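Following: one structure in structure tokens, then a few remarks.
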Amino acid sequence: MQVKLMPDAGQALALERTLHVVNEAANWVSAVAFERGVPHVYELRKHTYGELKSRDLGAQAAQHVIKKVRDAYTTLNANIRAGNLGRPGSRRRVKAETKPIVFRPEAAQPYDDRCLSWQYDAGTVSVWTTGGRMKNVRFACSAGALKTLQAHRQGESDLVRRDGVFYLIATCEVPEAERFEPGRFIGVDLGIVAIATTSTGYQAAGRGLNRHRRRQLELRRKLQKKRTRSAKRLLKKRSRREKRHAANQNHIIAKTIVTEAERTSSGIALENLTGIRQRVRLRKPQRVTLHSWAFAQLADFITYKAQRAGVPVVFVDPAYTSQQCCECGHIDSKNRVSQSVFCCQNCGVVAHADRNASRNIARKGEAVWIAGRESRVPATP
Ligand SMILES: [Zn+2]
């Protein structure tokens with residue numbers, strides 16, 4: 001859970017300085033780790049702890065810096081092994097393998113309960129800085145988020161600064177509700193023009209996401225003309241802001257769908273994501289990647305919000321969901337007359353294409369659920 005900090009000018013300065021100091025220290029530890037072939041945490045601590053303490057870092061912060069560096073290498077190595085940085089010898093991979101990991105001056109720093117305490121009622125935190133403990137730093141979040149924080153916050157929080165704003169990212173372990181037996185399924189169709197259409201009539205226009213996509217393309221075009229560093233930085237910042245906006249929209253859409261499912265005792269049926277990529281046939285592959293993260297994110301948000309509410313979620317095979325008639329079951333690629341209009345060649349039904357698809361997904365969801373239920377019930381002797 002992300003909480004925005006609202007420090008006064010003096011507090012902001014102290015937080016900024018703290019992040020700079022810990023990340024500078026992390027870069028030094030990273031160089032040591034790299035030189036020594038990335039030893040285990042305890043060994044790395046032996047080589048760096050003394051020096052860190054003399055750099056204004058308290059015992060806790062020093063430990064966190066060491067662990068953060070070690071974790072970063074663990075993640076990098078896992079990514080290399082998984083092939084996420086390309087084949088051996090590829091430029092990206094060589095770059096990652098031949099240099100120590102570098103932390104940005106404002107990269108996230110973990111805080112445990114000894115360096116960070118929350119005063120929920122006052123809406124403040126007390127936080128360790130290189131200038132000493134700083135009290136009464138105000139934070140902002142919604143009433144619902146505050147409740148979750150108060151009841152379920154656990155372990156470490158990350159302090160991070162993005163585009164000039166400080167955030168605390170707190171870990172909350174929310175227990176899952178017990179899953180109920182759904183009376184029916186709500187099918188969710190994900191698409192380009194309308195981000196989400198449900199079989200029950202809800203449609204999210206997704207203006208934010210489409211605006212994000214347009215801006216991204218625009219930015220890319222500008223980038224190709226203007227290659228200065230500051231221009232790049234500015235464009236990156238704007239793109240991050242757009243992405244946050246799109247994420248926010250996805251949260252709202254997911255919440256609307258899950259709330260309706262909960263209220264009507266329905267399950268939720270989603271298409272398999274790989275299928276979405278196939279179905280969203282666009283001319284340029286980059287546009288697909290621009291959208292696929294948003295679809296994946298929306299599916300993620302729906303899934304975890306549903307889990308919290310005890311709403312069952314099933315994933316269905318996306319084959320023919322856009323070509324099949326939800327009334328008579330006839331499958332024909334000609335059924336889909338245009339991007340938005342569905343007209344059955346067999347029974348003559350005319351429907352909105354996304355609505356028709358969402359109803360197919362709902363029906364498939366029900367079938368998946370029933371099949372699963374049969375396999376869950378032990379066979380009678
Ligand atoms: Zn039909």
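The values are calculated or read from the model by the stated rules, or taken from the named source; none is laboratory data. Fair warning: this is a prediction, and the values are worked out from it, not measured in the lab. Here the Cβ is made from the backbone with ideal geometry for all residues, glycine too, and neighbour counts use every protein chain on show. Calculation scope for accessible area: heavy atoms of the full protein, side chains included, ligands and nucleic acids excluded. Shrake-Rupley method; radii C 1.70, N 1.55, O 1.52, S 1.80 Å.
Assorted remarks:
- Projected-area mean, the stretch 10-96, by convex hull of Cα positions, square nanometres: 6.7
- Placing +1 on the Cβ of every Lys and Arg and -1 on the Cβ of every Asp and Glu, with nothing else charged, gives the chain a dipole about its Cα centre of roughly 2420 debye.
- On a per residue basis, the chain carries 55 Å² of accessible surface, using protein heavy atoms and a 1.4 Å probe.
- Taking all Cα-Cα distances within the stretch 157-213, those exceeding 14 Å account for 73%.
- Whether the stretch 78-140 is rounded, prolate or oblate, judged on the alpha carbon gyration tensor where a/c under 1.5 counts as rounded: prolate
- Percent carbon-and-sulfur accessible area, the stretch 1-158, ignoring ligands, DNA and RNA, probe 1.4 Å: 51
- The stretch 1-57, Cα convex hull volume normalised per residue, Å³: 100
- Rolling a 1.4 angstrom probe over the stretch 198-273 with all protein chains present gives an accessible area of which 48% lies on carbon and sulfur atoms.
- Restricting the trypsin sites (Lys or Arg not before Pro) of the stretch 224-266 to loop positions (DSSP other than H, G, I, E, B) with no more than 15 neighbouring Cβ atoms within 10 Å leaves K226, R227.
- Using alpha carbons only, the radius of gyration of the stretch 1-145 set against its Kirkwood radius gives Rg/Rh = 1.04.
- A cut-off under 12 angstrom between Cβ atoms defines the neighbours of Q154, and their net charge, with Lys, Arg +1 and Asp, Glu -1, is -3.
- When the inverse distances between all different Cα atoms of the chain are averaged and flipped, the Kirkwood radius reads 24.3 angstrom.
- Stokes-Einstein D (µm²/s) once Rh is taken as the Kirkwood radius of the stretch 105-190 over alpha-carbon pairs, at 20 °C in 1.002 mPa s: 140
- Unit charges on C-beta of K, R, D, E only; dipole of the stretch 28-112, Debye: 420
- Peptides 343-356, 77-90 ranked from most to least packed, by the mean per-residue count of other Cβ atoms within 10 Å: 343-356, 77-90.
- Residue (of V188, A59, F295) at the positive-pole extreme of the chain, dipole from beta-carbon charges: F295
- Packing-based order for 94-104, 304-314, using average beta carbon neighbours within 10 Å, highest first: 304-314, 94-104
- Applying the criteria of a DSSP loop state and at most 11 other Cβ atoms within 10 Å to the GluC sites (Glu not before Pro) of the stretch 139-219 yields E173, E176, E178.
- Residue among I80, G164, A122 farthest towards the positive dipole end of the stretch 55-172, charges placed on Cβ: I80
- Against the main long axis of the alpha-carbon atoms of the chain, helix 41-53 sits at an angle near 50°.
- The local environment of R114, defined by Cβ-Cβ distances under 13 Å, has a net charge of -2 under the rule Lys, Arg +1 and Asp, Glu -1.
- Three-way shape call for the stretch 117-257 based on the alpha-carbon gyration tensor, with the a/c threshold at 1.5: oblate
- Within the stretch 286-372, the proportion of C-alpha pairs whose separation exceeds 17 Å stands at 58%.
- Within the assembled protein chains, the solvent-accessible surface assigned to I331 is about 80 Å², based on a 1.4 Å probe.
- Residues S30, S333 ordered from highest to lowest accessible area at a 1.4 Å probe: S333, S30.
- The chain - percent relative contact order, Cα under 8 Å, separation 6 or more: 15
- Environment charge at R138 (Cβ cut-off 12 Å; Lys +1, Arg +1, Asp -1, Glu -1): +1
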